[in-house]
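The values are calculated or read from the model by the stated rules, or taken from the named source; none is laboratory data. What you are looking at is a predicted structure, and each value in this text was computed from that prediction instead of being measured. Glycine gets a Cβ as well: all are built from the backbone with ideal geometry, and neighbour counts include every protein chain shown.
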Amino acid sequence: MRAGVKTRSRPFITTPRAKLTLSAEQIIADYRLAVRSRAASELGRREVLAGRAPFGIFGDGKEVAQLAMAHVMRPGDWRSGYYRDQTVMLAVGVTTLEQYFAQLYADTDVGREPFSGGRQMSNHYATRIVDAAGHWRDLLSGVQVASDFSPVAAHMPRSVGLAWASKLYRESAVLRDVANGFSRNGDEVCFTTIGNAAAAEGLFWESVNAVGVLQVPLLISVWDDGYGISVPNELQMTKSSVSAALAGMRRDGGPGFDIEVVKGWDYVALCDTYAIVAERVRREHVP
């Protein structure tokens with residue numbers, strides 16, 4: 001990377017691979033949101049332990065990676081993730097901290113908790129695809145969110161379907177004729193997230209095999225903390241690494257997918273990698 005100087009001596013960083021310019025304004029804004037999200041996790045945990053909230057599950061430790069991911073999400077893209085994704089949802093404007101805490105307290109008022117009216121666990125998000133009259137909303141107006149599941153890895157097959165829809169919109173002349181409000185020539189990417197422990201589930205492996213065969217625009221982020229459900233990687237994952245276990249599915253001159261490994265705290269490398277990968281997934285429909 002190289003440091004430079006902008007107008008009025010505001011510094012910036014240019015990433016080494018994508019040559020992405022990270023301005024001081026962006027970096028500071030991301031830092032502030034990361035701090036707010038971490039504080040929300042810590043406060044939420046205290047509220048649960050004190051008995052003031054019934055149950056909580058939080059996304060602390062994953063803030064930096066999710067901020068980098070948020071920068072490459074575009075209107076019309078889909079997120080099919082899991083219950084650690086508050087930072088990216090805050091970053092793309094799907095939720096607010098007020099809504100986050102309303103869900104933590106199981107508020108049944110959909111004006112304050114619009115995702116499930118207090119019926120789901122905390123950190124479960126969704127966007128509506130029809131309006132109050134039952135008419136289709138313009139799904140290209142913002143990032144869309146498929147309602148989160150609580151069982152681990154259950155969202156993976158759905159992620160395959162959402163990504164496959166983009167491929168069908170791009171390849172089918174019939175679907176192109178009715179794509180208005182749903183797709184821009186299949187340019188939409190489905191972003192899915194999962195933890196390292198859930199990546200040991202059969203649903204994960206069936207899904208990654210399917211996207212390798214189908215070649216659909218699915219971008220999978222595995223948040224690997226080394227532990228999952230209080231169990232270390234070596235006791236639940238072959239080679240103690242999701243990326244190492246997936247190595248045989250790499251795209252080496254044939255169908256498969258690309259694999260990138262980045263440290264979860266390296267903001268510049270994460271922004272760089274997400275910029276390169278998301279553009280490739282969007283353009284080539286390579287998972």
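Residues of region 114-146 that are under 21 Å from Val216 (Cα atoms) and in contact with a strand residue (DSSP E or B) (Cβ under 9 Å, 6 or more places away or on another chain): Leu139, Val143, Gln144, Val145, Ala146.
Contact map, region 159-174: residues that are farther than 18 Å from Gly212 by Cβ paired with residues that are in a helix (DSSP H, G or I) and not β-branched (Val, Ile, Thr), Cβ distance under 7 Å, separation 6+ or inter-chain. Pairs shown: Tyr169/Leu175; Tyr169/Arg176. Within the set Glu206, Glu234, Glu279, the sole residue that is more than 22 Å from His155 (Cβ to Cβ), touching a residue at least 12 places away in the same chain (Cβ under 8 Å) and outside any loop (DSSP other than H, G, I, E, B) turns out to be Glu279. Report, by residue number, each residue of region 251-285 that is at pLDDT 95 or above, surrounded by 14 or more Cβ atoms within 10 Å (Cβ to Cβ) and over 15 Å from Val72 (Cβ atoms). Scanning region 251-285 gives Ile259, Gly264, Asp266, His285. Considered as a group, the residues in region 48-66 that are surrounded by 17 or more Cβ atoms within 10 Å (Cβ to Cβ), assigned to a loop (DSSP other than H, G, I, E, B) and aliphatic (A, V, I, L, M) include one that is modelled with the lowest pLDDT, and that residue is Ile57.
If you go through region 111-147 and keep only what is in contact (Cβ under 8 Å) with a residue 40 or more places away in the chain and of a type in the set (Phe, Trp, Tyr), you end up with Tyr125, Trp136.
Any idea which residue in region 50-91 is farthest from the chain's Cα centre (by Cα), counting only those that are aromatic (Phe, Trp, Tyr) and under 17 Å from Val222 (Cα atoms)?
Filtering region 50-91 down to residues aromatic (Phe, Trp, Tyr) leaves 55, 58, 78, 82-83.
Within this subset, residues satisfying the condition of being under 17 Å from Val222 (Cα atoms) are 58, 78, 82-83.
Values: Phe58: 15, Trp78: 9, Tyr82: 8, Tyr83: 11 Å.
Among residues in region 50-91 that are aromatic (Phe, Trp, Tyr) and under 17 Å from Val222 (Cα atoms), the one farthest from the chain's Cα centre (by Cα) is Phe58.
When Arg84 is tested against the conditions (1) surrounded by 21 or more Cβ atoms within 10 Å (Cβ to Cβ); (2) touching an Asp or Glu at 6+ places or on another chain (Cβ under 8 Å); (3) touching a residue at least 60 places away in the same chain (Cβ under 8 Å); (4) of a type in the set (D, E, K, R), the lone failure is (2). Checking each residue in region 5-47 for being assigned to a strand (DSSP E or B), surrounded by 12 or more Cβ atoms within 10 Å (Cβ to Cβ) and more than 25 Å from the chain's Cα centre (by Cα) picks out Pro11, Phe12.
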